[in-house]
Amino acid sequence: EQSNHPLPPPTFGESKLTGHVKFLGKPRPFKLLDNKSCHSSATPIPDETLVVNAHQQLAGAIVYLKGASPSDGSNQPIIELDQKNCRYLPRVVAVQVGQTLRIKNSDPVFHNSHYVSQRNGSLNIGLARAGDFKDLKFKSDEFLNIRCDVHPWMGAEVGVISSPFF
């Protein structure tokens with residue numbers, strides 16, 4: 001939740017959480033997307049909208065400690081979301097409030113990153129060339145869907161979490 005007061009630095013201890021997130025249902029069959037319209041050297045990419053393995057384990061899930069005390073993530077390492085081969089890599093990322101999310105273009109074509117936010121202000125940025133990037137910081141916890149309007153199959157999920165426990 002957004003506040004006008006500065007957040008304290010994160011507090012860390014020692015703990016370990018292990019497990020799997022399971023998909024309860026029948027996953028869609030695996031398919032490749034033809035993305036030749038991206039650029040001449042583009043290769044087919046998997047449809048990663050929902051990735052489930054043979055054991056019903058879900059890839060790309062964000063697990064976080066709900067209700068943990070919020071803190072300032074501005075000293076946490078930069079998290080990079082790369083536009084490469086006309087897909088976002090990784091497809092799902094989590095950042096802490098105040099932590100930098102770098103959206104980068106590694107392709108030789110124009111990409112944009114567009115999201116609509118209820119708590120952090122909406123954004124639509126263009127990255128024209130390989131190597132272009134934009135650094136973002138978020139003030140409030142929220143889950144965002146980022147799309148490339150130029151290549152509609154490109155999408156990523158970003159979880160903005162108020163504590164470092166994710």
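The values are calculated or read from the model by the stated rules, or taken from the named source; none is laboratory data. Remember, predicted model here, so these are calculated numbers, not experimental data. Ideal geometry is used to build each Cβ from the backbone, glycine not excepted, and the neighbour counts take in all protein chains shown. Side chains included, ligands, DNA and RNA excluded: accessible areas come from the protein's heavy atoms. Shrake-Rupley method; radii C 1.70, N 1.55, O 1.52, S 1.80 Å.
What GluC sites (Glu not before Pro) in the range 1-69 are in a loop by DSSP, with at most 12 other Cβ atoms within 10 Å of the Cβ? Before the final figure, lay out each step's value.
On the way: sites: Glu1, Glu14, Glu48; in loops: Glu1, Glu14, Glu48.
Passing sites in the range 1-69 are Glu1, Glu14.
Is the C-alpha gyration tensor of the range 8-68 telling us rounded, prolate or oblate? Criteria: a/c under 1.5 is rounded; beyond that, a/b larger than b/c is prolate, otherwise oblate.
Details: a/c = 3.70, a/b = 1.74, b/c = 2.13.
Cα axes put the range 8-68 in the oblate bin.
Residue by residue, what Karplus-based ³J(HN,Hα) values in Hz, rounded to whole numbers, does the range 108-120 have, using 6.51, -1.76 and 1.60 with θ = phi - 60° and x for Gly and Pro?
x, 9, 6, 10, 10, 10, 10, 9, 10, 10, 8, 10, 10
For Tyr64 and Glu14 in one chain, what is 0.36 nm times their gap in residues minus the Cα-Cα distance, to one decimal in nm? Let's see the in-between values first.
Working: separation 50, 0.36 × 50 = 18.00 nm, distance 1.56 nm.
That pair, Tyr64 and Glu14, stretches by 16.4 nm at full extension.
With the Cα gyration tensor of the chain giving a ≥ b ≥ c as the square roots of its eigenvalues, does the rule (a/c under 1.5 for rounded; else a/b larger than b/c for prolate; else oblate) give rounded, prolate or oblate? Intermediate results must be reported in sequence, preceding the final value.
Details: a/c = 2.27, a/b = 1.29, b/c = 1.76.
Taking the square roots of the gyration eigenvalues as a ≥ b ≥ c, the chain is oblate.
How many percent of DSSP beta bridges within the chain run antiparallel, rounded to 5? Each step should come with its number before you reach the end.
Working: 24 of 34 bridges.
Bridges in the chain that DSSP calls antiparallel: roughly 70 percent.
How far apart, in nm, are the 7 Å Cα→Cβ label points at Leu89 and Arg102?
Using points 7 Å along Cα→Cβ, the separation is 1.5 nm.
How large, in percent, is the carbon and sulfur part of the accessible surface of the range 26-166 at a probe radius of 1.4 Å?
Values: 4040 of 7450 Å².
On the range 26-166, the fraction of accessible area on carbon and sulfur atoms equals 54 percent.
How about the chain: what cysteines have no other cysteine beta carbon under 4.7 Å from their own?
So far as the 4.7 Å Cβ criterion goes, Cys148 stand without a partner in the chain.
Between Ser122 and Val150, what length comes free when the chain is fully extended (0.36 nm per residue of separation minus the Cα-Cα distance, one decimal in nm)? Intermediate results must be reported in sequence, preceding the final value.
Details: separation 28, 0.36 × 28 = 10.08 nm, distance 1.76 nm.
Answer, rounded to one decimal: 8.3 nm.
Indicate the gyration tensor shape class of the range 34-77 (rounded, prolate or oblate), computed on the Cα atoms with a ≥ b ≥ c the square roots of the eigenvalues: a/c under 1.5 is rounded; otherwise a/b larger than b/c is prolate and the rest oblate.
It comes out oblate by the Cα gyration axes.
Heavy-atom accessible area per residue, the range 1-109, 1.4 Å probe: how many Å²?
I get 67 Å² per residue for this part.
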